[in-house]
């Protein structure tokens, strides 16, 4: 039998662990590190009929205000058509994240974000900072896709979605800083 560093055999170590009800250490989680606790999910996969619990919704609602600033920045730089992208996202995000249920507000938010995202991608093809904008946009889109896979942890999903707002608006400001 193989010996451990303390001289006991592995089978003895396993039996000691079982007799003391010791479980192996839990893998590192940023959610645990930050002291955040997830809510229980209802049978329908919702949180009292909402897509997100109130704490997570409040985080994303607050980050939605970043779109106001990037929209005003686009306007100040003379990108009048492009300023409608973040300003519209700001309005639809505030509407949805104030009560994230499966209503018309969710559909409006999704449709507006999709249409405006593709319009801005098309408009930025020959922009001065197109590469930088695309880099932030693609990473933000990946964060969104990963957030959809986090059904067991509302906080993980919310933090990934928060990065969508942070990265998206950072990319917007970079795009609006140059020639579009």
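The values are calculated or read from the model by the stated rules, or taken from the named source; none is laboratory data. It should be emphasised that the depicted structure is a prediction, and the values quoted were computed from it without experimental measurement. Every residue, glycine among them, receives a Cβ derived from its backbone with ideal geometry; neighbour counts consider all protein chains shown.
How many of the residues in the stretch 80-91 are surrounded by fewer than 22 Cβ atoms within 10 Å (Cβ to Cβ) and in contact with a helix residue (DSSP H, G or I) (Cβ under 6 Å, 6 or more places away or on another chain)?
Summing the residues that are surrounded by fewer than 22 Cβ atoms within 10 Å (Cβ to Cβ) and in contact with a helix residue (DSSP H, G or I) (Cβ under 6 Å, 6 or more places away or on another chain) in the stretch 80-91 gives 4.
Considering only the stretch 147-166, state which residues are over 8 Å from the mean Cα position of the chain (by Cα) and modelled with pLDDT of 95 or more.
166
If you take just the helices (runs of 4 or more DSSP H) that sit entirely in the stretch 1-111, which of them hold at least 2 residues that are out of contact with any strand residue (DSSP E or B) (no Cβ under 8 Å at 6 or more places or on another chain) and at pLDDT 95 or above?
The helices (runs of 4 or more DSSP H) meeting that bar are 54-63, 66-76, 84-98.
Find the residue count for the stretch 167-180, including only residues that are within 20 Å of the chain's Cα centre (by Cα) and buried (at least 22 other Cβ atoms within 10 Å of the Cβ).
Total satisfying the criteria: 4.
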